[in-house]
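For reference, the structure discussed in these notes is given below.
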Amino acid sequence: MAHWNTRGLRGSSFEGLINFTNQSYLQHNLAVIQKVPTPITPVEVNNKERTITKAYFGEKSTVDYIGVVQGIAICFEAKETKYTNFPLKNIHSHQMEFMSSFTKQEGIAFFLINFKQASKIFFLPWEELDIAMKGSGKSIPYSSFNPDFLVHNRDGFPVHYLEAINTYLKLYSKS
């Protein structure tokens, strides 16, 4: 069982931008996307400050977000890296298994990868990550990310990933 610590808050500002984007998508009737809470079991609580001071992850979470975009089911994971590559060790097998099952049901599964140094966010389709995970590499270089899947801050949506989903549908449509 994993132990709760401050490392669990990595990426929280990135997720904050995604949460804001998702709320804006909802307000504009573009999508309904929910953050999937990570199940924890509190062990120690500071009642005076009303905070959990020690907890354990109760079970493995599947993905960070799940929802529907104009009739299309989506799920995705948000990841950040401070490097010029994306380390594959950041991806867990239970996440890949869930996403595989999700895509078999004709949903779209993907990752949003935030390269902090470059200040760039990329949409990474599950299919491309699956190929990389089966390869011998330990990471995906920044230069390997498809520029067509660059996620922009546009139209009041700080992480406007719906544009990347549209590009994905054009490239991966099952004709």
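Restricting the first member to the stretch 110-136 and to residues that are farther than 20 Å from PHE98 by Cα, and the second to residues that are outside any strand (DSSP E or B) and not small (Gly, Ala, Ser), the beta-carbon pairs closer than 7 Å and six or more apart or on different chains are ASN114/PHE14; PHE115/TYR142; LYS116/LYS82; GLN117/LYS82; GLN117/THR84; ALA118/TYR142; PHE122/PHE145; PHE122/PHE149. Could you go through the stretch 99-121 and let me know if any residue there is among the basic types (Lys, Arg) and under 18 Å from LEU162 (Cβ atoms). Scanning the stretch 99-121 turns up at least one residue that is among the basic types (Lys, Arg) and under 18 Å from LEU162 (Cβ atoms).
If you go through the stretch 154-168 and keep only what is free of Cβ contacts under 8 Å to residues at least 40 places away in the same chain and surrounded by fewer than 16 Cβ atoms within 10 Å (Cβ to Cβ), you end up with ARG154, ASP155, ASN166. Of all residues in the stretch 51-82, exactly one satisfies the criterion of being in a loop (DSSP other than H, G, I, E, B), over 25 Å from TYR168 (Cα atoms) and at pLDDT 80 or above, namely LYS82.
Exactly one residue out of THR84, THR62, THR53 is of a type outside the set (Lys, Arg) and free of Cβ contacts under 8 Å to residues at least 12 places away in the same chain, and it is THR53.
On inspection, VAL151 passes the criterion of being open to solvent by less than 20 Å² (accessible area, probe 1.4 Å), in contact with a His (Cβ under 8 Å, 6 or more places away or on another chain) and of a type in the set (Val, Ile, Thr).
Based on what the data block shows, is PRO141 surrounded by 12 or more Cβ atoms within 10 Å (Cβ to Cβ) and either in contact with a Cys (Cβ under 8 Å, 6 or more places away or on another chain) or in contact (Cβ under 8 Å) with a residue 12 or more places away in the chain (or both)? Answer is no for this residue.
Out of all the residues in the stretch 41-49, is one or more modelled with pLDDT of 95 or more, more than 15 Å from LEU112 (Cα to Cα) and not in a helix (DSSP H, G or I)? No, there is no match, as no residue in the stretch 41-49 is modelled with pLDDT of 95 or more, more than 15 Å from LEU112 (Cα to Cα) and not in a helix (DSSP H, G or I).
Taken over the stretch 93-126, residues that are open to solvent by less than 40 Å² (accessible area, probe 1.4 Å) and in a helix (DSSP H, G or I) amount to 7. Scanning the stretch 57-92 for residues that are open to solvent by less than 40 Å² (accessible area, probe 1.4 Å) and within 22 Å of ALA118 (Cα to Cα) yields a total of 9.
Determine if the stretch 31-41 includes at least one residue that is in contact (Cβ under 8 Å) with a residue 40 or more places away in the chain and either of a type in the set (S, T, N, Q) or in contact with a helix residue (DSSP H, G or I) (Cβ under 7 Å, 6 or more places away or on another chain) (or both). Among the residues of the stretch 31-41, at least one is in contact (Cβ under 8 Å) with a residue 40 or more places away in the chain and either of a type in the set (S, T, N, Q) or in contact with a helix residue (DSSP H, G or I) (Cβ under 7 Å, 6 or more places away or on another chain) (or both), which makes the answer yes.
The values are calculated or read from the model by the stated rules, or taken from the named source; none is laboratory data. What you see is a predicted model, and the numbers here were worked out from it, not measured in a lab. Neighbour counts run over all protein chains shown; Cβ positions are idealised from the backbone, glycine included. When the accessible area is computed, the model is the full protein with side chains, heavy atoms only, and any ligands, DNA or RNA have been set aside. Shrake-Rupley method; radii C 1.70, N 1.55, O 1.52, S 1.80 Å.
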